[in-house]
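Engineer: The following block contains the structure, expressed as structure tokens.
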Amino acid sequence: MTYLLSKENFAKMAEFIYRKSGIFLEEDKHYEKLAKYIDKRSDFLGLDSFRKYFFKLRFDDKDGTEFQELMNAITVNETYFFREKDQFEVLVNKIMPELHKMMPLSRPLRILSAPCSTGEEPYSIVLHLVEEGRIIEMRDIEVVGIDIDSTVIQKARQGKFTERSVHAIPKDILARWFKKKTLSYDLSEELNGAVDFQVANVFDKNQMRKLGKFDVIFSRNMLIYFDDASRKEVAMTFYDMLNPGGYVLLGHAEYMSRIVSVFKAKKIENTLIYQK
Ligand SMILES: C[S@@+](CC[C@H](N)C(=O)[O-])C[C@H]1O[C@@H](n2cnc3c(N)ncnc32)[C@H](O)[C@@H]1O
């Protein structure tokens with residue numbers, strides 16, 4: 001099978017994607033997927049060479065559609081409710097009570113899920129907050145979810161989830177907060193809309209600044225797709241976005257100490273959290 005994307009041009013595409021999104025593609029793992037995508041997309045656009053497609057992507061994409069389509073095609077969006085559950089327990093049992101005491105009641109506590117994929121992570125945060133019940137009764141808490149992929153953000157806003165996505169939620173919690181439909185589990189009206197979802201790229205300084213400051217940032221299972229330099233850049237962006245005393249939580253296979261040394265690591269039972 002010959003594709004418009006040659007192996008030589010794979011390096012050019014990979015470099016472009018890396019520079020714009022931090023996502024690091026390797027020829028042996030990703031060539032075929034990217035080549036198939038470029039063939040399909042070029043066909044749709046009526047372009048008959050990689051050169052024309054690459055020109056459009058770089059120089060004729062004023063509204064960002066081509067870049068968005070490319071991101072939607074290459075990202076890995078695997079997620080489910082209550083994934084790496086210990087961290088949500090540490091959030092409601094340790095982090096939130098500490099922040100509640102420390103931060104003036106007059107302002108909301110703000111939690112960011114970056115990246116949030118189809119919404120299971122920020123809604124797991126909301127479910128833990130409402131199930132725990134105390135702090136959410138005493139003060140405002142805002143939960144924001146961002147992802148570079150616009151299709152996952154659209155899905156997240158619908159609040160409809162698959163059987164696979166809800167499999168790890170305990171039955172009583174599932175029954176309280178979801179309605180089982182023929183094809184989906186729908187978040188209850190009280191909770192649907194409790195997360196502010198936005199399309200944003202963690203490397204876009206402008207977009208990140210507009211989100212404002214946070215007290216907690218969940219960033220799980222994204223840094224694994226980046227190289228060391230990109231991880232460092234994102235970790236420093238999160239540092240700047242956190243209020244003093246705020247926390248970052250990473251995925252189980254990700255360690256802040258290997259990325260930057262500006263955070264103070266704390267171990268709570270088996271969970272590592274990082275404080276500014
Ligand atoms: C595997 S999912 C992780 C979702 C969730 N945090 C979890 O752990 O279940 C990784 C997500 O990172 C997003 N992503 C990749 N690069 C990104 C970037 N530069 N900015 C924002 N999101 C990005 C992808 O679109 C994808 O939805």
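Where a number appears in this text, it was derived from the coordinates with a stated rule and is not lab data. Since the structure is predicted, the reported quantities are computational estimates derived from the model, not experimental observations. Neighbour counts run over all protein chains shown; Cβ positions are idealised from the backbone, glycine included.
Engineer: Calculate, in whole percent, how much of the Cα-Cα pair population of the stretch 8-102 lies beyond 16 Å. Display every interim value, and only then the final one.
Structural biologist: Numbers: 2889 of 4465 pairs.
Roughly 65 percent, once rounded to a whole number.
Engineer: Report, in debye and to the nearest 20, how large the dipole of the chain comes out about its Cα centre when Lys and Arg carry +1 and Asp and Glu carry -1 on their Cβ. Working shown, then result.
Structural biologist: Details: 43 positive and 42 negative charges, 77 e Å.
Approximately 380 debye in magnitude.
Engineer: Something else: Mind checking the angle between helix 27-45 and the chain's longest principal axis? C-alpha axes, 0 to 90 degrees, to the nearest 10.
Structural biologist: 70
Engineer: Express as a percent, rounded to the nearest 5, the fraction of DSSP beta bridges in the stretch 145-276 (both residues included) that run antiparallel. Display every interim value, and only then the final one.
Structural biologist: Numbers: 12 of 20 bridges.
So the antiparallel bridges amount to about 60 percent of the total.
Engineer: Output the relative contact order of the chain, whole-number percent, from Cα pairs under 8 angstrom with separation of 6+ residues. Intermediate results must be reported in sequence, preceding the final value.
Structural biologist: Details: 393 pairs, mean separation 47.6, N = 276.
Result for the chain is 17 percent.
Engineer: If Lys and Arg each add +1 and Asp and Glu each add -1, what is the summed charge of the other residues whose beta carbon sits under 9 Å from the beta carbon of SER117? Display every interim value, and only then the final one.
Structural biologist: Details: positive: LYS155; negative: GLU78, GLU120, GLU121, ASP147, ASP149.
Within the 9 Å Cβ shell, the charges total -4.
Engineer: With labels modelled as points extended 7 Å from the Cα through the Cβ direction, what inter-label distance (nm, one decimal) is found for SER188 paired with GLU78?
Structural biologist: With each label placed 7 Å out from Cα toward Cβ, I get 3.2 nm.
Engineer: Can you tell me, using C-alpha contacts under 8 Å and at least 6 residues apart, the relative contact order of the stretch 145-247 as a whole percent?
Structural biologist: 28
Engineer: With point charges of +1 on the Cβ of Lys and Arg and -1 on the Cβ of Asp and Glu, referenced to the Cα centre of the chain, which listed residue (ILE135, LEU187, VAL166) lies farthest in the positive direction of the dipole?
Structural biologist: ILE135
Engineer: In degrees, nearest 10, range 0 to 90: what is the angle between the Cα axis of helix 228-241 and the longest Cα principal axis of the chain?
Structural biologist: 40
Engineer: Also, I was wondering about something else. Mind listing the long-range amide H neighbours of ILE217? Cut-off is under 5 Å, sequence gap 5 or more, other chains count too, H placed in the peptide plane at 1.01 Å from N.
Structural biologist: Those lying under 5 Å, H to H, from ILE217 are LEU112, TYR247, VAL248, LEU249.
Engineer: Give the separation of the Cα centroids, the stretch 80-118 to the stretch 192-259, in Å.
Structural biologist: Centre-to-centre distance over Cα atoms comes out at 14 Å.
Engineer: Efficiency by 1/(1 + (r/R0)^6): what FRET value for ALA253 and ASP48, r their Cβ-Cβ distance, R0 = 45 Å, to the nearest 0.05?
Structural biologist: Numbers: r = 42 Å, r/R0 = 0.93.
Given R0 = 45 Å and the Cβ-Cβ separation, E is 0.60.
Engineer: Now for a different question. Give the lysines whose C-alpha is closer than 29 Å to that of LYS36, dropping any in the same chain fewer than 8 places away, or say none.
Structural biologist: Filter leaves LYS7, LYS12, LYS20, LYS52, LYS56, LYS62, LYS155.
Engineer: Taking the radius of gyration and the Kirkwood hydrodynamic radius from Cα positions alone, what is the Rg/Rh ratio for the stretch 53-177, to two decimal places? Provide the component values of the computation, followed by the final result.
Structural biologist: On the way: Rg = 17.8 Å, Rh = 16.5 Å.
With Rh from the inverse mean 1/r over Cα pairs, Rg/Rh is 1.08.
Engineer: Another question, then. If the viscosity is 1.567 mPa s and the temperature 4 °C, what translational diffusion coefficient in µm²/s does Stokes-Einstein give for the stretch 149-250 when Rh comes from Kirkwood over Cα pairs?
Structural biologist: Working: Rh = 16.0 Å.
This corresponds to a translational diffusion coefficient of 81 µm²/s.
Engineer: Further question on the same structure: Tell me whether the chain comes out rounded, prolate or oblate; compute the Cα gyration tensor, take square roots of the eigenvalues as a ≥ b ≥ c, and use a/c under 1.5 as the rounded threshold. List each step's numbers first, then the result.
Structural biologist: Details: a/c = 2.17, a/b = 1.58, b/c = 1.38.
Prolate is the answer for the chain, as a/c is 1.5 or above and a/b outweighs b/c.
Engineer: Could you please report the charge total around LEU211, scoring K, R as +1 and D, E as -1 over all other residues with beta-carbon less than 15 angstrom from its beta-carbon?
Structural biologist: Values: positive: ARG110, LYS205, ARG209, LYS210, LYS213; negative: GLU142, ASP147, ASP196, ASP204, ASP215, ASP240.
That sum, taken over residues with Cβ under 15 Å, equals -1.
Engineer: Starting from the Cα gyration tensor of the stretch 183-238, take the square roots of the eigenvalues, sort them a ≥ b ≥ c, and report rounded, prolate or oblate (rounded when a/c is under 1.5, otherwise prolate if a/b is larger than b/c, else oblate). Display every interim value, and only then the final one.
Structural biologist: Numbers: a/c = 2.70, a/b = 1.77, b/c = 1.53.
Prolate.
Engineer: Could you tell me, in Å, what Rg and Dmax come out for the Cα atoms of the stretch 82-156?
Structural biologist: Just the Cα atoms of the stretch 82-156 yield Rg and Dmax of 12.9, 38 Å.
Engineer: What FRET efficiency do you get for ARG19 and GLN158 if R0 is 35 Å and r is their Cβ-Cβ distance, rounded to the nearest 0.05? Present the calculation step by step, with values, prior to reporting the outcome.
Structural biologist: Working: r = 32 Å, r/R0 = 0.92.
Step by step, r from the Cβ atoms, then E = 0.60.
Engineer: Relative to the longest principal axis of the chain, what angle (0 to 90°, nearest 10) does the C-alpha long axis of helix 7-21 take?
Structural biologist: The answer is roughly 30 degrees.
Engineer: If I take every Cα pair under 8 Å that is 6 or more residues apart in the stretch 7-74, average their sequence separation and divide by the length, what percent do I get for the relative contact order? Please report the intermediate quantities before stating the final value.
Structural biologist: Values: 26 pairs, mean separation 14.4, N = 68.
Normalised by residue count, the contact order of the stretch 7-74 is 21 percent.
Engineer: When only DSSP loop residues count, what trypsin sites (Lys or Arg not before Pro) in the stretch 197-228 have their Cβ near at most 15 other Cβ atoms within 10 Å? Walk me through the intermediate numbers first.
Structural biologist: On the way: sites: LYS205, ARG209, LYS210, LYS213, ARG220; in loops: LYS213, ARG220.
Counting only loop positions with at most 15 other Cβ atoms within 10 Å, the trypsin sites (Lys or Arg not before Pro) in the stretch 197-228 are LYS213.
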